[in-house]
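Participant: Right, I'll just put the structure down here and ask away after.
The values are calculated or read from the model by the stated rules, or taken from the named source; none is laboratory data. Computed from a prediction, not measured in an experiment: that's the story for all the values here. Here the Cβ positions follow ideal geometry from the backbone for every residue, glycine too, while neighbour counts run over all protein chains shown. Only protein heavy atoms, including side chains, enter the accessible area calculation; ligands, DNA and RNA are left aside. Shrake-Rupley method; radii C 1.70, N 1.55, O 1.52, S 1.80 Å.
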Amino acid sequence: MNGTSSATAARAGWALALSGWAALTVYALADADPVRVAVAGAFLLLCPGLAAVRSARPALAARGAPMDPLEYWVLAVALSLAVDTVIIVGFYLAGGLISGWALGAVAAATTLLALPQCRPRGRRPPPDGPDGPDGDGGPGDPDRGGRGTPARDQGDPDDQGGGTDGDRTAGRRRRRWRWRKRVGGAGAGAAALLLVAACAGGGPAATVTVSTPPSGAGASSPTAGPTAPAAPGAWHLAFQDDFDGTTLDHAKWATCYDWNQDGCTNAGNHELQWYLPQQVGVGDGRLTLSADRSDTRGSDGKDYPWTSGMVSTGRDSWNAQPRHTFTRGYFAAAVRIPPEAGMFPAFWLLPASRTTPPELDVAEFISTTQYVQMTVHFTGPDGSPRDQWQRWGPQDFPAGDHVFALDWESDSLTWYVDGVQRYRVTDPSKIPDEPMELLLNLAVGYPSSPPQNVSSARMTVDWVRVWQH
């Protein structure tokens, strides 16, 4: 390797070593910013694997197994995905996956893999003897203009007590070459271990999903819930329910909105259900909200074609006191939504003042079971109600439990799905600062009615948690 190519290789090594930290810098941009998406995506897809492949390449070449360009890039992408997967799974198993921390861990791993490549390399020493491996003259052949390589009987260049200056120079080259071979071999071994671990873990994944069959299906359910939020910070548990009994804990939950009068509904959405307490059940460690096609006359004098269930930490009636209200915190629930069309399951927060906006929707499913919608409702500068939202998916949400969570801070709102950050709002004018009640409900018919062949649906909840600082 000549001096120019050696310096170029060293610069490439430094670029790889610093690539992750550049991606972390860009990660501070808004979630949907195309620069953030492009830079972070390119780094995760290519840079960890490139660092690993570059470490392994000298060892492979020395063993007579050089890679062609296609093999090089395919292996780089595969190893990148392996590194990403191992780190994501490691964070998840440690108790919480935070995308920014995971990106930082990948950046650190890439730097460690790339650092041995950041030192300019000298020329590769030839095999012992004046000729190259083919015996027809090599870098040490005086007839070809190279420096002569001393024969072994002229003194051991590794012997600190003897040998000529040329001997010692050649010895240092050999030691450097052996060191690079060892580093390359270690890089190849690490890359192979990462790839095996990723394959054993089921391949790369952008989302870690907690999917659990229903109770009684022969699989365990995460009844205990997580021990800590996915969001960083010092937390204490302020509210929880694991639904371990056979009846609803009425000290924690009401079965209607604050305007409960022998049932209730959300007239503002023109929903089709009338909420009744008998549509709420607890058993087998789960809360069940049941929607059934059944003609019902509400206390408001209107007829409703469906009955359904909901729970709230609010009041039993308009003039009562709410059970629990929360101003900021980390709100999480493990929920399985129904697969039937025409349902409107939701996990959300409503002001204890009984006026909206504001409103915080941790998870809503509107006209779909494959995309979760995360929304903040707020008052615009002109006093009109506004909202800002984002959907994430596709995902087969009815297939199992999924943990939906919202980190409500004084200066930010951050939504998580299965421990992975999916949406973030930092505009202070959109962040509420007042007590709110927690709700889970199974509405029907918004924005469109269920098909005629749908006569019932069930939304189940494994656990609910609220943490606060």
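Participant: Looking only at region 435-469, how many residues end up being open to solvent by 50 Å² or more (accessible area, probe 1.4 Å) and closer than 30 Å to GLY233 by Cβ?
Facilitator: Here the count works out to 2.
Participant: Take SER367 and decide whether it is touching a residue at least 12 places away in the same chain (Cβ under 8 Å) and among the hydroxyl-bearing types (Ser, Thr, Tyr).
Facilitator: Here the answer is yes, as SER367 does meet what is asked.
Participant: Scan (1) farther than 27 Å from ALA405 by Cα; (2) crowded, with 19+ Cβ neighbours inside 10 Å; (3) modelled with pLDDT under 85 for the single condition PHE91 breaks and write down its number.
Facilitator: (1)
Participant: Can you name the residue in region 281-318 that is crowded, with 19+ Cβ neighbours inside 10 Å and of a type in the set (Phe, Trp, Tyr) and is also nearest to ASP401 (Cα to Cα) among such residues?
Facilitator: So, considering only residues that are crowded, with 19+ Cβ neighbours inside 10 Å and of a type in the set (Phe, Trp, Tyr), the one nearest to ASP401 (Cα to Cα) is TRP306.
Participant: Given the residues GLN278, GLN321, which is the only one that is free of Cβ contacts under 8 Å to residues at least 60 places away in the same chain, surrounded by fewer than 16 Cβ atoms within 10 Å (Cβ to Cβ) and outside any loop (DSSP other than H, G, I, E, B)?
Facilitator: GLN278
Participant: Could you grab the pairs with beta carbons closer than 7 Å, sequence gap of 6+ or different chains, first residue in region 381-395 and under 18 Å from PRO428 (Cβ atoms) and among the acidic types (Asp, Glu), second one modelled with pLDDT of 95 or more and assigned to a strand (DSSP E or B)?
Facilitator: ASP387/THR375; ASP387/VAL376; ASP387/HIS377
Participant: Which numbered condition trips up GLN240, out of (1) over 27 Å from GLY90 (Cα atoms); (2) among the polar types (S, T, N, Q); (3) touching a residue at least 24 places away in the same chain (Cβ under 8 Å); (4) not in a loop (DSSP other than H, G, I, E, B)?
Facilitator: Tallying (1) over 27 Å from GLY90 (Cα atoms); (2) among the polar types (S, T, N, Q); (3) touching a residue at least 24 places away in the same chain (Cβ under 8 Å); (4) not in a loop (DSSP other than H, G, I, E, B), GLN240 fails exactly one: (1).
Participant: Counting only residues that are at pLDDT 95 or above and polar (S, T, N, Q), give me the strands (runs of 3 or more DSSP E) lying completely in region 374-452 with at least 1 of them.
Facilitator: Strands (runs of 3 or more DSSP E) meeting the threshold: 385-392, 413-417, 420-425, 436-444.
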